[in-house]
1. Looking at Val180, Val174, which one is in contact with a Ser or Thr (Cβ under 9 Å, 6 or more places away or on another chain), closer than 16 Å to Val152 by Cα, surrounded by 15 or more Cβ atoms within 10 Å (Cβ to Cβ) and modelled with pLDDT of 95 or more?
2. Report, by residue number, each residue of region 88-98 that is of a type outside the set (Gly, Ala, Ser) and either at pLDDT below 95 or assigned to a helix (DSSP H, G or I) (or both).
3. Name the single residue that is modelled with the lowest pLDDT among those in region 183-222 being under 17 Å from Ser167 (Cα atoms) and among the charged types (D, E, K, R).
4. Looking at region 159-190, which of its residues are in a strand (DSSP E or B) and within 18 Å of the chain's Cα centre (by Cα)?
5. Within region 129-149, track down each residue that is at positive phi and touching a strand residue (DSSP E or B) at 6+ places or on another chain (Cβ under 8 Å).
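The values are calculated or read from the model by the stated rules, or taken from the named source; none is laboratory data. Nothing here was measured: the structure is a model prediction, and the numbers come from that model. Glycine also receives a Cβ, built like all others from the backbone with ideal geometry; neighbour counts cover every protein chain displayed.
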Amino acid sequence: MEGEVQKDSLFLILVCSLASVTLASNVKPSVGTISGTVIDEAGQPVELALVSVELLDNRPRGTPVRYVETNKAGHYEIQGLVLGPHKIFAKKETAGYPDTSFAFYSEHKFSTVNLTQQNSSAVVNIRLGPKAGTLRLKLVDAVTGKLPSGTVTLRRAAHPEMFFSTSTDKPVLVPALTDVDLSISAPGYGTWPATLDRKSQVFLQADEVRDIEIALVPQSSR
């Protein structure tokens, strides 16, 4: 009798184990992972590049955009992503590679991937480049000589709907080999230039650094 009880118990354990394995194999993933390697124009891995992922179908993210850094081999991995279509961006601004999540820099060209329950993991390799040029602006009060702070807006001359605005207090990356129109505004001053002309347009080579000083006229002096 005792032997029969032991056999029944062993059979029950075996059945439960098989059922657990079957259930586990039928569980569908609810989140996904995107990984890959970031390389430069020469095909070399880019260390400390920042990679971000956003949903492509405009669903609310629920959490702020998060960035992950690449390691020495240029590898990155982002886990816990909502299933669905995603777009992937990368940047390393200190090396001249701007944030491709801005259309001003990417012209809406970026990598995409669709994470599903059947394919919840994807490998997406990203090539950065070409490098941008760097513009260093210095604003000067045309009357007092003081150095005001302002905002510069850059627009692609061929596609003015693609623009980027930032502070004039720090260097700004400019797409290489591209005609870019500049406009500058600062509290207490009129917008520079009053009308766009060739003087307010820049064209930089890759890795070129250009310094520009701009005199702003106080509105009280007009």
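1. Exactly one residue qualifies, and that residue is Val174.
2. Residues satisfying the conditions are Glu93, Thr94.
3. Once the filter is applied, the top-ranked residue is Glu213.
4. Result: Phe163, Phe164, Ser165, Thr166, Val172, Leu173, Val174.
5. Hit for region 129-149 is Gly129, nothing else.
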